[in-house]
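To keep things clear, I will list the structure first and then write my remarks on it.
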Amino acid sequence: MSAINPFSQGRRRFLTTSATLAGGLLLDYPSSGLAQVAPLAGKYDTLSPKAWRQLALQLKGSLIRPGETGFPNLALPNNLRYRSITPGGIALCADAADIATSLKWAKRHGIPLITRGGGHSYAGYSCTEGLMINLRQFNTTAYDAARQTIRVGGGIRNGAVYSALQGIGRSITHGRCPTVGAGGFLLGGGVGFDMRRHGFASDKLVSTEMVLADGEIVTANAQENADLFWACRGGAGGIFGINTAFTMETFPVDRSIELQLTWDAVSDDFLATLFLNLENSPEAFGCKITLTPGMPLPGQPASINVLIIGQFIGPLARLDEILAPINAMKAPSSTVIEQVAYWNASAFLAADDGPGYYQERSRFINGPMTPEIIATIRDWLPRWPNAQGAGNIKFYLTGGATQALAPADTAFVHRASQWLSSIEITWTPGQTMTSRYRAHRWQNGFYEMISPLCGGGAYQNFPDPSLQDWAEAYYGENLPRLRAIKSDVDPGNLFRYAQSIRPFRPGSP
Ligand SMILES: Cc1cc2nc3c(=O)[nH]c(=O)nc-3n(C[C@H](O)[C@H](O)[C@H](O)COP(=O)(O)OP(=O)(O)OC[C@H]3O[C@@H](n4cnc5c(N)ncnc54)[C@H](O)[C@@H]3O)c2cc1C
C-alpha cells in the first residue's frame with residue numbers, strides 16, 4: 001500500500017501567486033466577523049535601514065529583509081488568509097542569545113515582534129508587520145535512553161521529531177501533519193490518535209528552555225520555574241516567552257492498525273450508533289470522524305457522508321468487534337484496515353498540509369454525543385451553500401487518558417470531553433466575495449447552534465479569530481493563574497497577538 005493517503009482529508013491546497021490576491025488586499029465583510037487582513041507592505045519596512053543593519057550585525061544567525069532571497073518562503077504562513085501580513089525583517093536566530101538580542105532590539109525601536117515556529121497558526125498568530133523571530137534553526141533532536149525522553153529544538157517540525165522517534169521505536173502523542181511546528185503543537189495541548197492512551201502531547205512535557213521578555217534564559221520544569229512550566233503545558237505559544245527546546249516523555253511502539261472507512265448518505269440512527277460505539281471503544285482506539293454534505297440530488301433529502309480515519313493498537317478481531325455494530329447499520333462504501341508497523345500507519349494517516357485558505361471553529365463536547373447535536377448537524381450540514389470551497393464538521397475522539405489529569409493540573413483545562421468538534425471552511429483565492437461570505441455565514445450559523453449543546457470550551461491550538469469570549473473558551477478556570485504568570489514574566493506584554501493572554505494592569509479586572 002502506498003504511504004500516501006489517497007483519500008487525504010487535508011484541506012484543499014491552493015498554492016497561488018500573490019498576483020491572484022489582487023495585490024494582497026483582501027476586503028473582508030466586517031459584519032460577518034471576518035478578520036481584516038493588512039496590506040502587503042509591512043509598516044515597519046520604513047524603519048531606517050541602519051537600524052535593521054545594526055540588528056543584523058549583532059546576530060550569529062541572519063536577518064532576512066523583504067526582497068532578499070528566502071524572504072517570501074520564510075514569511076509565508078500556512079493559512080494564506082494572512083499572507084499579506086509581512087514582516088519588516090526576519091531574524092533567523094542561531095541560539096538563545098540571538099533571541100535575547102532580537103528582543104532587546106525590538107524593544108529599543110518600539111517594533112512589535114512575533115515568534116514563528118512551523119507557521120501553522122490557524123489565525124495567523126505567527127505573522128507580524130514588525131520583527132519575526134523565526135526558530136527554524138532550532139531543529140535538533142536528542143534521545144536520552146536512560147530517561148526515555150526526547151529533547152527537541154523549539155522550532156523543529158513535527159515530521160523531524162517523528163523521524164527521530166521512528167529510529168528508536170518510540171513515540172509521543174502526535175498530530176497528522178509533519179510540517180506543523182512541534183513548539184506550537186506542544187504549547188497549545190497537542191491532539192493525536194494516541195491521546196486516549198497517553199494524554200494530550202503537552203501532558204508528557206517534562207522540561208522546556210525559554211528566553212523571557214527581559215532576555216533571561218531559563219529552564220522550566222516541575223522543580224524550576226514551576227509556574228511557567230505549568231503555563232507551557234497548554235497555555236499556547238507566543239505568550240510567555242520563546243521556547244528554544246522541549247523535553248518529552250516517550251512511549252514504546254511496535255505495530256498498529258490503520259483504518260479508513262467511508263459511508264455515504266447516512267441516517268441519524270447510523271450517526272448515533274457510530275458515535276456511541278466509538279465513545280465506548282477501548283483507549284487503544286483513536287480516530288477522527290469527518291462529516292461532509294452529500295451532493296444534493298433532485299427530489300432527495302439532503303445527505304451526509306462520513307469518513308473515519310484512525311488507528312487501533314490491538315488485534316484485528318477486537319477492531320472488528322468495535323466496528324461490527326456500525327457496519328451492521330450500513331455497509332461502508334470503502335474500507336482500508338491494515339496492521340502495519342506503527343510509523344507506517346502514521347505515514348498513511350498523515351495529512352496533506354500545504355498552505356491554503358481556511359477557518360476552523362472548535363468546541364469540546366463534554367460527555368457523549370447527544371440526539372440534539374446530531375439533529376443540529378442534520379439541520380445545518382446540508383445547508384452548506386456550495387460555495388466554491390468546502391465545508392465540513394469533524395470530531396476527534398478524546399476521553400480516556402486525556403481525562404487523567406484535573407483541569408488545573410496543567411494550563412490545558414479541557415479535561416471532561418468525549419469529542420473535540422470543529423467546523424471547517426476552506427476557500428479559493430478566486431472565489432467571489434459573495435460566495436465566501438455565504439460560506440462564513442454558514443459556518444457562523446452552524447457554530448452558534450451547536451456550541452451551546454457541546455458544554456465545553458474551544459481548543460486554543462485551533463485559534464478562531466471570530467470567537468468573542470476566546471480567553472474563557474480556551475482557558476476556563478485556569479485563566480486567572482495564566483494571567484498572573486503572564487504578569488510575572490512579561491508585565492510589559494512584549495509577546496502579544498490578538499488572542500494572547502494579557503498581563504494584569506493596575507485597575508484592570
Ligand atoms: C494543517 C494543520 C494540521 C494540524 N493538525 C493538528 C493536529 O493533528 N493536532 C493538533 O493538536 N493540532 C493540529 N494543528 C494545529 C497546530 O497544532 C497549531 O496550529 C500549532 O500552534 C501550530 O504550531 P506552529 O509552530 O506550526 O505554528 P506557528 O504559527 O509558528 O505558531 C503557533 C503559535 O505558537 C507560537 N510558537 C510557535 N513555536 C513557539 C516556540 N518555540 N516558543 C514560543 N512560541 C511559539 C507562535 O508565536 C504562534 O503564536 C494543525 C494545524 C494545521 C494548519
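Laid out as a table, the results:
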read-out: Residue that is modelled with the lowest pLDDT, among those in the range 463-508 that are of a type in the set (D, E, K, R) and outside any helix (DSSP H, G or I); value: R505
read-out: Residues being crowded, with 23+ Cβ neighbours inside 10 Å and in a loop (DSSP other than H, G, I, E, B) - total across the range 407-456; value: 6
read-out: Subset of the range 135-155 (residues that are near the ligand (Cβ under 9 Å from one of its atoms) and closer than 18 Å to G70 by Cα); value: L135, F138, G155
read-out: Subset of the range 327-375 (residues that are over 30 Å from A416 (Cβ atoms) and under 20 Å from the mean Cα position of the chain (by Cα)); value: A347, F348, D352, G354, P355, G356, Y357
read-out: Subset of the range 203-241 (residues that are within 12 Å of the ligand (Cβ to nearest atom), under 19 Å from L113 (Cα atoms) and outside any loop (DSSP other than H, G, I, E, B)); value: M210, V211
read-out: Residue match in the range 373-380 (condition: closer than 11 Å to I450 by Cα, of a type outside the set (K, R), in contact (Cβ under 8 Å) with a residue 40 or more places away in the chain and in a strand (DSSP E or B)); value: no
read-out: Residue within the range 302-325 that is closer than 26 Å to G175 by Cα, among the hydroxyl-bearing types (S, T, Y), outside the structural domain of L205 (by TED's automatic domain parsing) and assigned to a loop (DSSP other than H, G, I, E, B) present; value: no
read-out: Condition check for Q460: assigned to a loop (DSSP other than H, G, I, E, B) and more than 23 Å from K394 (Cα to Cα); value: no
read-out: Single match in D214, D254 (criterion: surrounded by fewer than 16 Cβ atoms within 10 Å (Cβ to Cβ), more than 23 Å from R170 (Cβ to Cβ) and among the charged types (D, E, K, R)); value: D214
read-out: Hits in the range 172-187 (condition: more than 7 Å from the ligand (Cβ to nearest atom) and either modelled with pLDDT under 95 or part of a loop (DSSP other than H, G, I, E, B) (or both)); value: I172, T173, H174, P178, T179
read-out: Residues satisfying the stated conditions in the range 198-211, i.e. crowded, with 21+ Cβ neighbours inside 10 Å and polar (S, T, N, Q); value: S202, T208
read-out: Boolean, G190 is assigned to a loop (DSSP other than H, G, I, E, B), surrounded by 23 or more Cβ atoms within 10 Å (Cβ to Cβ), within 13 Å of the ligand (Cβ to nearest atom) and assigned by TED's automatic domain parsing to the domain that holds P480; value: yes
read-out: Single unsatisfied condition, I111 versus (1) of a type outside the set (D, E); (2) within 12 Å of the ligand (Cβ to nearest atom); (3) not assigned by TED's automatic domain parsing to the domain that holds A220; value: (2)
read-out: Complete set of residues in the range 74-101 that are part of a helix (DSSP H, G or I) and more than 13 Å from the ligand (Cβ to nearest atom); value: A97, D98, A100, T101
read-out: Restricting the range 156-167 to residues that are in contact (Cβ under 8 Å) with a residue 40 or more places away in the chain and more than 10 Å from the ligand (Cβ to nearest atom), the residue that is nearest to the chain's Cα centre (by Cα); value: Y162
read-out: Candidate set: the range 125-134, residues that are part of a strand (DSSP E or B) and near the ligand (Cβ under 10 Å from one of its atoms); chosen: the one farthest from A498 (Cα to Cα); value: N134
read-out: Positions within the range 420-452 being in contact with a Lys or Arg (Cβ under 9 Å, 6 or more places away or on another chain), hydrophobic (A, V, I, L, M, F, W, C) and within 30 Å of F285 (Cα to Cα), in sequence order; value: L420, I423, I425, F446, I450
read-out: The range 455-500: number of residues that are within 16 Å of the ligand (Cβ to nearest atom) and more than 26 Å from W419 (Cβ to Cβ); value: 11
read-out: Top-ranked residue in the range 147-171 [being in a loop (DSSP other than H, G, I, E, B) and either modelled with pLDDT under 95 or β-branched (V, I, T) (or both); ranked as nearest to S121 (Cα to Cα)]; value: I156
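The values are calculated or read from the model by the stated rules, or taken from the named source; none is laboratory data. What you see is a predicted model, and the numbers here were worked out from it, not measured in a lab. Here the Cβ is made from the backbone with ideal geometry for all residues, glycine too, and neighbour counts use every protein chain on show.
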